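The values are calculated or read from the model by the stated rules, or taken from the named source; none is laboratory data. On a predicted model such as this, the values are computed, not experimentally measured, just so you know. Counting neighbours? That spans all protein chains shown, and the Cβs are built from the backbone with ideal geometry, glycine included.
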Amino acid sequence: AQKITQTQPGMFVQEKEAVTLDCTYDTSDPSYGLFWYKQPSSGEMIFLIYQGSYDQQNATEGRYSLNFQKARKSANLVISASQLGDSAMYFCAMREGFNTNAGKSTFGDGTTLTVKP
Amino acid sequence: DTAVSQTPKYLVTQMGNDKSIKCEQNLGHDTMYWYKQDSKKFLKIMFSYNNKELIINETVPNRFSPKSPDKAHLNLHINSLELGDSAVYFCASSQSGSKNIQYFGAGTRLSVL
């Protein structure tokens, strides 16, 4: 069964510094996708970044990058130059068997990031 | 134009009542989902429909019944509401055959009194 682990319930970072949010996963399926979502205090779930299991390069989207270490089964989110608006809960998720209709996404428990001015 | 819209945003009701939450997406996606987020922020999938066909049905009480009249709409009807049903319910959609990135609605906060 697929599983996502986020070991950091809460993280603090100084404004303008970089921060890494940890995510490890477990799956026996060679085909999977990894996702990060942001949930600010307003409650919506915002898609940030995607990494496919066969992607050779680490995904990047603006200030977000995904540090994908396949052998270690880790998919850490790196946020560069933190801003006050980055304060939110961040969820790592995985979907097995991407490109199929029946793949189910599993979410981690989330990490609450607080950016200090 | 909101991509995935849910109504209502807030729902306060008494135990034992029946209520519905509606979801519509204008992204042209073929797959839609219902998730439940509890008070500890744990997010768990409940149902998934692909082209109006139920493909994921997690261990959910049968008081919860999803209905997909077309691939742009997925509604959730809940019978005989219980206190433990209080949560935020999210609708999401994705396009199969691609990265299957799920885009979420704003959520419906259900409070059962």
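Numbers for the structure displayed
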| read-out | value |
| --- | --- |
| Top-ranked residue in the stretch A:1-25 [being under 12 Å from A:Asp86 (Cα atoms) and in a strand (DSSP E or B); ranked as nearest to the chain's Cα centre (by Cα)] | A:Val19 |
| Residue among A:Ser87, A:Ser28, A:Ser105, A:Ser42 that is more than 12 Å from the chain's Cα centre (by Cα), among the polar types (S, T, N, Q) and farther than 27 Å from B:Tyr89 by Cα | A:Ser28 |
| Test: A:Glu44 is more than 17 Å from B:Lys41 (Cα to Cα) and acidic (Asp, Glu) | no |
| Checking A:Tyr25 against (1) surrounded by fewer than 18 Cβ atoms within 10 Å (Cβ to Cβ); (2) more than 13 Å from chain B (Cβ to nearest Cβ); (3) within 20 Å of A:Glu96 (Cα to Cα), the condition it does not meet | (1) |
| Leading residue by the ranking (nearest to the other protein chains (Cβ to nearest Cβ)) among those in the stretch B:14-38 that are charged (D, E, K, R) and over 17 Å from B:Gln102 (Cα atoms) | B:Asp38 |
| Qualifying residue in the stretch A:95-109 (condition: in contact with a helix residue (DSSP H, G or I) (Cβ under 9 Å, 6 or more places away or on another chain) and either under 21 Å from A:Thr7 (Cα atoms) or within 11 Å of chain B (Cβ to nearest Cβ) (or both)) | no |
| Residue check for A:Gly52: small (Gly, Ala, Ser), more than 25 Å from B:Lys40 (Cα to Cα) and within 14 Å of chain B (Cβ to nearest Cβ) | yes |
| Elements of type strands (runs of 3 or more DSSP E) in the stretch B:1-92, at least 3 residues being farther than 23 Å from A:Phe47 by Cα and out of contact with any Pro (no Cβ under 9 Å at 6 or more places or on another chain) | B:10-13, B:64-70 |
| Residue satisfying all of: in the stretch B:86-107; more than 10 Å from chain A (Cβ to nearest Cβ) and buried (at least 17 other Cβ atoms within 10 Å of the Cβ); nearest to B:Ser39 (Cα to Cα) among these | B:Ala87 |
| Search result, residues across the stretch B:39-68 that are within 14 Å of chain A (Cβ to nearest Cβ) and either in contact with a helix residue (DSSP H, G or I) (Cβ under 9 Å, 6 or more places away or on another chain) or among the hydrophobic types (A, V, I, L, M, F, W, C) (or both) | B:Phe42, B:Leu43, B:Ile45, B:Met46, B:Phe47, B:Leu54, B:Ile55, B:Ile56, B:Val60 |
| Test for B:Leu54: is it in contact with a strand residue (DSSP E or B) (Cβ under 7 Å, 6 or more places away or on another chain), modelled with pLDDT of 95 or more and of a type outside the set (Val, Ile, Thr) | no |
| Scan of the stretch B:1-14 for residues that are exposed (fewer than 12 other Cβ atoms within 10 Å of the Cβ), farther than 25 Å from B:Glu82 by Cα and not polar (S, T, N, Q), ordered by number | B:Asp1 |
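Conditions tested, residue by residue: (1) crowded, with 16+ Cβ neighbours inside 10 Å; (2) within 20 Å of A:Cys92 (Cβ to Cβ).
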{"site": "B:Gly16", "(1), (2)": "no, no"}
{"site": "B:Ile21", "(1), (2)": "yes, no"}
{"site": "B:Trp34", "(1), (2)": "yes, no"}
{"site": "B:Ser48", "(1), (2)": "yes, yes"}
{"site": "B:Lys52", "(1), (2)": "no, no"}
{"site": "B:Asn62", "(1), (2)": "no, no"}
{"site": "B:Leu83", "(1), (2)": "no, no"}
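A quick yes/no check of all residues on (1) more than 14 Å from every other protein chain (Cβ to nearest Cβ); (2) touching a Leu at 6+ places or on another chain (Cβ under 9 Å); (3) part of a loop (DSSP other than H, G, I, E, B); (4) farther than 17 Å from B:Tyr35 by Cβ:
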residue: A:Leu34; (1), (2), (3), (4): no, yes, no, yes
residue: A:Lys38; (1), (2), (3), (4): no, yes, no, no
residue: A:Cys92; (1), (2), (3), (4): no, yes, no, no
residue: A:Thr114; (1), (2), (3), (4): yes, no, no, yes
